[in-house]
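Working notes, structure below.
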Amino acid sequence: MMKTLVIVSHPYPERSKATKALEEIAATVPGVTVRNLETLYGNNINGFDLTAEQKAQEEADRVVYLFPIHWFNLTPMLKAYLNEVWAYGWAFGPDAAALKGKEMQVVTTAGASKFTYSAEGLIKSSMEDVLTPMKASAYYVGMKYNQPLAFHNAIGASDEAIAEYQKAFVTLLNLPLATA
């Protein structure tokens with residue numbers, strides 16, 4: 001059975017409706033392990049259990065990073081996580097191969113509309129543009145980078161919209177490798 005690891009980060013978990021719903025549904029999918037950074041480590045960006053986090057990634061075939069776009073970037077905990085867990089000699093550098101061949105899947109929520117994330121929109125950048133650092137990071141460590149799944153208008157999303165987000169996420173989690 002394919003193993004999927006979902007790494008969740010949200011800087012304001014108490015305000016998170018969409019990300020929380022996606023995390024909850026992921027935990028029900030066979031073969032999926034969910035690790036919520038703020039639940040495990042609070043806001044301690046230096047407190048990661050590197051052995052446990054690296055082992056979780058080593059055991060996965062696909063690693064999903066689930067987070068809200070935070071000022072057009074990763075959340076602070078997720079950035080710190082990548083800085084610490086993706087260590088030289090483990091994720092990159094001579095003979096480092098821990099993540100080679102694994103799939104990276106980004107699943108993100110954005111409070112703004114899809115139009116905001118377009119060349120014509122307020123930020124003059126697409127979601128793909130905003131996620132370029134994740135794409136570059138995946139390739140740098142030898143991962144396959146899958147097309148991101150982005151949910152727009154997440155702030156104030158209706159229960160029906162959240163249910164649609166969950167359905168789309170479960171569909172993605174159930175895809176075979178190299179098809180996401």
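The values are calculated or read from the model by the stated rules, or taken from the named source; none is laboratory data. Predicted, not measured: the structure shown is a model, and the values here were computed from it. With ideal geometry, Cβ positions are generated from the backbone for all residues, glycine too; neighbour counts draw on all protein chains shown. Keep in mind that these areas ignore ligands, DNA and RNA; they rest on the heavy atoms of the full protein, side chains included. Shrake-Rupley method; radii C 1.70, N 1.55, O 1.52, S 1.80 Å.
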Candidate set from the stretch 64-118 (those that are of a type in the set (A, V, I, L, M) and out of contact with any helix residue (DSSP H, G or I) (no Cβ under 9 Å at 6 or more places or on another chain)); member that is most open to solvent (accessible area, probe 1.4 Å): Ala97
The stretch 48-63 - residue that is open to solvent by less than 70 Å² (accessible area, probe 1.4 Å) and in contact with a Ser or Thr (Cβ under 9 Å, 6 or more places away or on another chain) and, of those, nearest to Ala112 (Cα to Cα): Val63
Every residue from the stretch 28-44 that is modelled with pLDDT of 95 or more and open to solvent by 70 Å² or more (accessible area, probe 1.4 Å): Thr28, Pro30, Thr33, Thr39, Leu40, Asn44
Of residues in the stretch 127-155 being of a type in the set (Gly, Ala, Ser) and in contact (Cβ under 8 Å) with a residue 24 or more places away in the chain, the one nearest to Phe92 (Cα to Cα): Gly142
Single unsatisfied condition, Asn174 versus (1) touching a strand residue (DSSP E or B) at 6+ places or on another chain (Cβ under 7 Å); (2) open to solvent by 70 Å² or more (accessible area, probe 1.4 Å); (3) touching a residue at least 12 places away in the same chain (Cβ under 8 Å); (4) not β-branched (Val, Ile, Thr): (1)
The stretch 103-132, residues that are farther than 13 Å from Ile69 by Cα and outside any loop (DSSP other than H, G, I, E, B): Glu103, Met104, Gln105
Unique residue being closer than 17 Å to Tyr65 by Cβ and basic (Lys, Arg) when the list is Lys135, Lys100: Lys135
Breaking point among (1) open to solvent by 20 Å² or more (accessible area, probe 1.4 Å); (2) at pLDDT 95 or above; (3) outside any helix (DSSP H, G or I), for Ile155: (2)
Residue satisfying condition, being loosely packed, with under 13 Cβ neighbours inside 10 Å and hydroxyl-bearing (Ser, Thr, Tyr), within set Tyr139, Tyr165: Tyr139
Qualifying helices (runs of 4 or more DSSP H) (wholly inside the stretch 1-85; at least 2 residues being of a type in the set (Ser, Thr, Tyr)): 37-41
